[in-house]
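A short worksheet on the structure shown next.
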Amino acid sequence: MKVLVIGGGGREHALAWKLLQSQNVRQVICIPGNGGTAKLEGCQNLSLRVDDFEGIGRFALVHGISMAVVGPELPLALGITDYLRRQNVMVFGPTQVGAQIESSKHWAKMLMQDAGIPTPACEVFTDVDTALDYLQTQVAPVVVKADGLAAGKGVTVASTIREAQAAVESLFRNGMQPVIIEECVTGQEVSVLALTDGLTVRALLPAQDHKRIGEGDTGENTGGMGVYAPAPIATPELMARIEQEILQPTVNALRQLGIDYRGVLYAGLMITPEGNPTVLEFNCRFGDPETQAILPLLETPLEELLLACVKQRLANLSPIRWKPGASVCVVVAAGGYPGTFRRGDAIEGIEQAEEQGAHVFHAGTQIKQQKLVTDGGRVLGVTALGENFDQAIAKAYQATPYIQFENMYYRRDIGHQVASAGTLPQ
Ligand code: GLY
């Protein structure tokens, strides 16, 4: 098979790397890819924009592409699957109408409310004054969300009504309405990524992301600064409930709307102190960095799973096989991220980091004049496996300091929820 992987982050490097471990996959082409996919044996980068559907479609037809796997939400929300399917290219990823589960939080909320899927109560506003008046009647904390895609910057968990008002004003000022004001639920967050062929679902191992930039889960929200899997909070019993109460009913509800959803249904869940799962948001794609921690534990060939979704035969597949043990991914970012950061700094030490037993996935990197340089906010993901979390965390943190670039930053507490005392770096 020749597979297209669309996107250029750590998630896409992990997808390409895992796909190339399948005997049936001869070649992966990443669009546009990054410095890591450029160096991956069997993989080639193609410099096209992810929204250049015509260019991607032409390439797929001319080069006999067997399947396209779409990484990021933007091309899905813009309808890449619809476009490529019309060219008879098989695509792993939902159609534009299905991608609304991520591209419109209001749409997703209505779907959940109609299907009785647990999710925090909310109100939707298209007018700033009505939203501000409504906030006067609320008690903090409250959550303020942009309806549409916001690259991880559309959610504010406001601890005061004043902060919530400022968030509402800022969203309206930036044209990001409608705005959703949501009840704030507490507990532990967990990411459950499920594969679906539009009929059945198969959940992957649950993962726990670290969304804030600062240690101790402080500071601004990011795309994710590190992750561990399998998250012990999602016990097998809880995973069974998540499948029965959330994932399968969502797929059924999509199908009842006539939506043919073949791809990842990613549930961002809060597990309440009473142990009940509730949906904070759905995404229509693999999570990042979750994918960088989950895929190294996968034993079933990835291409088999993705093809089973695309060909609507997931129900016939044997249970997904996993390696035992634990996985941790520490994201290495450019200083200043998630605000402004520099690109073009030389990166050293990846081989030495990998000699410590970790695997380094590239996210914001590129090769410029034969040198690997930074090219994004989240630059690398250092993933390590271990028999248990302490081993995986220790290995990841032993490897990470070998990596060097100007102003690099990483959190020193990824996995603090599962680490024994003394495992995390000082
Ligand atoms: N790690 C969060 C996300 O992929 O949206």
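Could you tell me which of the pairs LYS153/LYS395; LYS39/LYS211; LYS18/LYS39; LYS2/LYS323 are separated by over 23 angstrom between their Cα atoms in the structure shown?
LYS153/LYS395; LYS39/LYS211; LYS2/LYS323
Taking the mean number of other Cβ atoms within 10 Å as a proxy for protection, how do you rank 165-177, 387-399, 403-415 from highest to lowest?
Details: 165-177: 16.8, 387-399: 20.9, 403-415: 19.2.
Averaged packing, sorted descending, gives the order 387-399, 403-415, 165-177.
Note on LYS368: aspartates and glutamates with a C-alpha under 15 Å away, same-chain residues under 8 apart excluded, are ASP345, GLU348. Note on the chain: GNM, Cα springs under 10 Å; of VAL144, VAL155, VAL62, the largest mean-square fluctuation is that of VAL62.
Phi angles across region 269-274 convert, under the Karplus curve 6.51 cos²θ - 1.76 cosθ + 1.60 with θ = phi - 60°, into 3J(HN,Hα) values of 10, 10, 9, 5, x, 7 Hz, Gly and Pro given as x.
What does the helix-only formula give at 222 nm for the chain: each DSSP H stretch with n ≥ 4 adding -39500 (n - 2.57), the total divided by the residues, and the result rounded to the nearest 500 deg cm²/dmol?
Working: 15 runs with 126 residues, N = 426.
Mean residue ellipticity, 222 nm, calculated: -8000 deg cm²/dmol.
For GLN244 and GLU189, the difference between the fully extended length at 0.36 nm per residue and the C-alpha to C-alpha distance is 17.9 nm.
How high is the FRET efficiency from THR272 to THR235, r the C-beta distance, R0 22 Å, rounded to 0.05? Write out the running numbers ahead of the final one.
Working: r = 15 Å, r/R0 = 0.66.
With a Förster radius of 22 Å, E is 0.90.
Counting Lys and Arg as +1 and Asp and Glu as -1 over every other residue whose Cβ lies under 14 Å from the Cβ of HIS210, the net charge comes to -3. Averaging the Cα positions of each part gives two centres, and for region 238-254 and region 82-159 these lie 19 Å apart.
Using a Gaussian network for the chain with springs between C-alpha atoms less than 10 Å apart, which of these wobbles most: GLN100, GLN21, GLN292? Looking only at GLN100, GLN21, GLN292, the biggest GNM fluctuation is shown by GLN21. Multiplying the residue separation of GLU406 and ASN174 by 0.36 nm and subtracting their alpha-carbon distance yields 80.3 nm. Multiplying the residue separation of VAL128 and GLU215 by 0.36 nm and subtracting their alpha-carbon distance yields 27.9 nm.
Largest GNM mean-square fluctuation among LEU135, LEU15, LEU74, using the chain with Cα springs under 10 Å: LEU135.
Taken together, the values in this text are just the output of simple stated rules run on the coordinates, not laboratory data. Only a predicted model underlies this, so the values are computations on that prediction, with no experimental measurement involved. Counting neighbours? That spans all protein chains shown, and the Cβs are built from the backbone with ideal geometry, glycine included.
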